[in-house]
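Shown next, in structure tokens, is the structure this report addresses.
The values are calculated or read from the model by the stated rules, or taken from the named source; none is laboratory data. For clarity, every value in this text was computed on a predicted model and none was experimentally measured. Positions of Cβ are backbone-derived with ideal geometry, glycine not excepted, and every protein chain shown enters the neighbour counts. We work out accessible area using only protein heavy atoms, side chains counted, and drop any ligands, DNA or RNA first. Shrake-Rupley method; radii C 1.70, N 1.55, O 1.52, S 1.80 Å.
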Amino acid sequence: MPDGAISDLVPILDVKGLKTVFSTRSGEVHAVNSVSFDLAPGELLGVVGESGSGKSVTMMSLIGLLPQPPAEIRDGSVIFEGHDILQMSADDLRDIRGREIGFVFQDPMTSLNPVFTIGFQIMEPLRRHMGMNRAAARERAIELLELVGISDPGPRLSDYPHQFSGGMRQRVMIAIALACDPKVLIADEPTTALDVTIQAQILELVRDLRQKLGMGIIWITHDLGVIAGIADRVMVMYGGQVVEQAPVHELFSNPRHPYTRALLETLPSIAGGRSKRLRTIEGQPPALSAQPTSCPFRARCAHAMAVCAQKNPPIERLAHRHDVACFWSPDNADNAGEADA
Amino acid sequence: MLNFTIRRLLFTIPTLLLISLIIFLLLDLAPNDPTGNLPLTIPAEVREQIRKALGLGDPIYVRYYRWLVQFFVNEPLNLLGEWTHSCIGDCENRLRVTSWATRSPVVDLIAERMPQTLWVVGLSYVVGILIAVPIGVYSAYRQYSWFDQLGTFISMIGFSVPTFFTGVLMIVIFSVQLRWFPSIYDTTLRVTDWSSLGAQIRQMAMPVFVLALYNAAQISRFMRASMLDNLNQDYVRTARAKGLNERVVVLVHVLRNSLIPVVTVIALGVPQVFGGAIITEQVFKVNGLGQLLIIGIQGADIPLVQTLTFIFAVLIVLFNLIADILYGILDPRIRYD
Ligand SMILES: Nc1ncnc2c1ncn2[C@@H]1O[C@H](COP(=O)(O)OP(=O)(O)OP(=O)(O)O)[C@@H](O)[C@H]1O
Ligand SMILES: [Mg+2]
């Protein structure tokens, strides 16, 4: 979908200043620090960031799926269709989960209940939210399995999760998330457990569904190639914060944050030929034991300045829908020094 | 599953034969004398004659063979004859396993004692399970709440204080001081009307409570641990993400998984119910199987002890098999064929 069309729509999901803290025996873990973003209907927002950057915790916080304690949502609002999810009663929230917002989890091997059949698990949300009877739910379940590309779905409904391969379980998870035609789908690395062919099939499926159902999608992944292929907009997370956010073309052609730039450099490029060695980002991810008072990336940043240690750069809008949280700017940087960085 | 069951059942035959032989040899090795309890005035020759009459003069393999035939052939035939009210084969002269002390068939003795044990001990196990499962589920769901802490405390007591202590304590408080319950179990009581039913319930109350507390303490711990294992699983998060009620999440998704190990523990515990009640039966003077075994041991009544011990062994082997089968039924990931 073209950028212009989407940005004009009223967001279906609007997250502001979300803060999530875990209390552990060894102290607090500030996993999500003032994260703000929004999602328009029919838009696909890609979320990238290294392991531990808070992608999963952010998404689970916003629909109340983290067990509290140990988690605590300290601050923020999540406006979905005009109501703040974080202020809702547990019952109201349950009516939204699975009905309006579908969730696909990271690990397909353990996310299904091993002692119930696939059919039972797909039919559960249908019966709960849509008030379907057994026969209607069964019909819809078959339809859903067909949709996610499982052949001969009828008899497979009475199979148990262990009778499915990892990729098929992931498709079943997607089928469950899509069961009630949600307005928002949150998919947490839904294709990392899959081989490339299946991954391509699932991506194709998502592209299709987005057009058919007009659903807003949040797609978490480590794979920038996937992002380039399907996302409208990209959000880059680092140390529990959003460090850069932009439409996909803008981000790939004009990355501003040093972390984003480093991330893009790690991409093996076909055009770049063989000579270029695959790059890695040196250093360790930050400790999250306290609220950040300085830039969390500065220890690994080639452009770190004095100010980076004094305060945490606020996220600011640069151009049309391009936000970045950094004191440094590639525009006024010394280009000679940049060439080999 | 059927294949597996049949295979396992066939396998139990040599197992049980071996067990019966070991029990037989152990009892034979023990320095036992069936005439030891007779008055000292009886001369040695008479004692020798008594031993001969009991068949003790024969070599050990003859005696073992005799017991095997009596227990595995004669007793079942006899039982069948009684059920069908007919005479199968040589029913008059067929030798049964006979108690040395009372000269009556051991199986009849056991049949006499069985109801008391089943009522008191069996009921206490059922009560224990019915208490333990909800407590275990709730304490796990509200881990570290006051309910959980209290449950942990009580089950620690129930677990670590022996039943002969709780039993005597209960007798002192409720029978001697308060006079609410009788301290001795009256087997001759027949339930015919409301008042005799009340009396039966009153005399069962204390032994059932003591044993139920002990059983519930163990099972509720298992239940709690198993629930805690499952509450953190990813599939629970999936169930919540579907918008299911907490009741459904906990009582359908989590409970069903948590019950798998607990059910096997419960099944494996059934034979122990019979053996483990020996002490409680003594304390409350319930003349059940446990008490019968103790009388048999004291009187050097080898056939009685041999048969009772063997029946316990059969129960253990049988419930092991039942536990395995239940596991296969409850957990679809386990396939035995
Ligand atoms: N239950 C928990 N208790 C304490 N800390 C937690 C808990 N769950 C997550 N965290 C911490 O929160 C941070 C963010 O974790 P999160 O799972 O969101 O990372 P992620 O970006 O999804 O990583 P990945 O790409 O590996 O999935 C991590 O530092 C993690 O250690
Ligand atoms: Mg994650």
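Does B:GLY288 meet the test of being small (Gly, Ala, Ser) and buried (at least 22 other Cβ atoms within 10 Å of the Cβ)? Don't jump to the end; show me each part of the working.
Details: small (Gly, Ala, Ser): yes; buried (at least 22 other Cβ atoms within 10 Å of the Cβ): yes.
For B:GLY288, the condition - small (Gly, Ala, Ser) and buried (at least 22 other Cβ atoms within 10 Å of the Cβ) - is met.
Could you count how many residues in segment A:212-223 are more than 16 Å from ligand 2 (Cβ to nearest atom) and touching a residue at least 60 places away in the same chain (Cβ under 8 Å)?
Of the residues in segment A:212-223, 4 are more than 16 Å from ligand 2 (Cβ to nearest atom) and touching a residue at least 60 places away in the same chain (Cβ under 8 Å).
B:ALA300 is checked against (1) of a type outside the set (Ser, Thr, Tyr); (2) away from chain A (no Cβ under 14 Å); (3) in a loop (DSSP other than H, G, I, E, B); (4) on the phi < 0 side of the Ramachandran plot and fails just one. What number does that condition carry?
Condition (4) is where B:ALA300 drops out.
Of the conditions (1) surrounded by 15 or more Cβ atoms within 10 Å (Cβ to Cβ); (2) farther than 24 Å from B:ALA216 by Cβ; (3) free of Cβ contacts under 8 Å to residues at least 24 places away in the same chain, B:TYR138 satisfies every one except a single condition; which number is it?
Among (1) surrounded by 15 or more Cβ atoms within 10 Å (Cβ to Cβ); (2) farther than 24 Å from B:ALA216 by Cβ; (3) free of Cβ contacts under 8 Å to residues at least 24 places away in the same chain, the lone unmet condition for B:TYR138 is (2).
Check whether at least one residue in segment A:80-96 is assigned to a loop (DSSP other than H, G, I, E, B), in contact with a Gly (Cβ under 9 Å, 6 or more places away or on another chain) and within 14 Å of chain B (Cβ to nearest Cβ), and report yes or no. Before you say what the answer is, go through the steps one by one.
At the first step, the residues of segment A:80-96 found to be assigned to a loop (DSSP other than H, G, I, E, B) are A:81-82, A:88-89.
So of that shortlist, the ones also in contact with a Gly (Cβ under 9 Å, 6 or more places away or on another chain) come out as A:88.
From what's left, within 14 Å of chain B (Cβ to nearest Cβ): A:88.
Yes, there is a match, as at least one residue in segment A:80-96 is assigned to a loop (DSSP other than H, G, I, E, B), in contact with a Gly (Cβ under 9 Å, 6 or more places away or on another chain) and within 14 Å of chain B (Cβ to nearest Cβ).
Count, please, the residues in segment A:189-221 that happen to be within 16 Å of ligand 1 (Cβ to nearest atom) and either surrounded by 19 or more Cβ atoms within 10 Å (Cβ to Cβ) or under 16 Å from A:VAL248 (Cβ atoms) (or both).
So the count comes out to 8.
Is it fair to say A:LEU126 is open to solvent by less than 30 Å² (accessible area, probe 1.4 Å), assigned to a helix (DSSP H, G or I) and more than 16 Å from ligand 2 (Cβ to nearest atom)?
Values: open to solvent by less than 30 Å² (accessible area, probe 1.4 Å): yes; assigned to a helix (DSSP H, G or I): yes; more than 16 Å from ligand 2 (Cβ to nearest atom): yes.
Yes: the conditions hold for A:LEU126.
Go through segment A:12-33 and report how many residues are within 15 Å of ligand 1 (Cβ to nearest atom) and either open to solvent by 20 Å² or more (accessible area, probe 1.4 Å) or of a type in the set (D, E, K, R) (or both). Explain how you work it out, then say what you get.
Taking segment A:12-33 and keeping what is within 15 Å of ligand 1 (Cβ to nearest atom), we get A:15, A:18-33.
Now narrow it down to the ones that are either open to solvent by 20 Å² or more (accessible area, probe 1.4 Å) or of a type in the set (D, E, K, R) (or both): A:19, A:22-29.
Looking only at that region, the number is 9.
Going by the structure shown, is B:ILE302 crowded, with 18+ Cβ neighbours inside 10 Å, in contact with a helix residue (DSSP H, G or I) (Cβ under 9 Å, 6 or more places away or on another chain) and at pLDDT below 85? Quick ask: steps written out before the conclusion?
On the way: crowded, with 18+ Cβ neighbours inside 10 Å: yes; in contact with a helix residue (DSSP H, G or I) (Cβ under 9 Å, 6 or more places away or on another chain): yes; at pLDDT below 85: yes.
Yes: the conditions hold for B:ILE302.
So which pairs qualify, if the first residue must be in segment B:234-259 and in contact (Cβ under 8 Å) with a residue 60 or more places away in the chain and more than 8 Å from chain A (Cβ to nearest Cβ), the second must be open to solvent by 10 Å² or more (accessible area, probe 1.4 Å) and not in a helix (DSSP H, G or I), the Cβ gap must be under 6 Å, and the two must be at least 6 apart or on different chains?
Listed pairs, sorted by first residue: none to list.
Of the numbered conditions (1) within 14 Å of chain B (Cβ to nearest Cβ); (2) open to solvent by 10 Å² or more (accessible area, probe 1.4 Å); (3) without any contact (Cβ under 8 Å) to a residue 60 or more places away in the chain, A:GLU100 satisfies every one except a single condition; which is it?
(3)
Looking only at residues in segment A:49-78 that are open to solvent by 60 Å² or more (accessible area, probe 1.4 Å) and either within 16 Å of B:LEU244 (Cβ to Cβ) or touching a strand residue (DSSP E or B) at 6+ places or on another chain (Cβ under 8 Å) (or both), which one is farthest from the other protein chains (Cβ to nearest Cβ)?
A:ASP75
Residue-wise test of (1) part of a helix (DSSP H, G or I); (2) out of contact with any helix residue (DSSP H, G or I) (no Cβ under 6 Å at 6 or more places or on another chain); (3) modelled with pLDDT of 90 or more; (4) acidic (Asp, Glu).
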position	(1), (2), (3), (4)
B:LEU95	no, no, no, no
B:ILE110	yes, yes, no, no
B:GLY122	yes, yes, no, no
B:VAL126	yes, yes, yes, no
B:TYR144	no, yes, no, no
B:LEU150	yes, yes, yes, no
B:PHE159	yes, no, no, no
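Any residue at all in segment A:21-39 that's within 14 Å of A:ASP188 (Cβ to Cβ), more than 16 Å from ligand 2 (Cβ to nearest atom) and in contact (Cβ under 8 Å) with a residue 40 or more places away in the chain?
No - not one qualifying residue is present in segment A:21-39.
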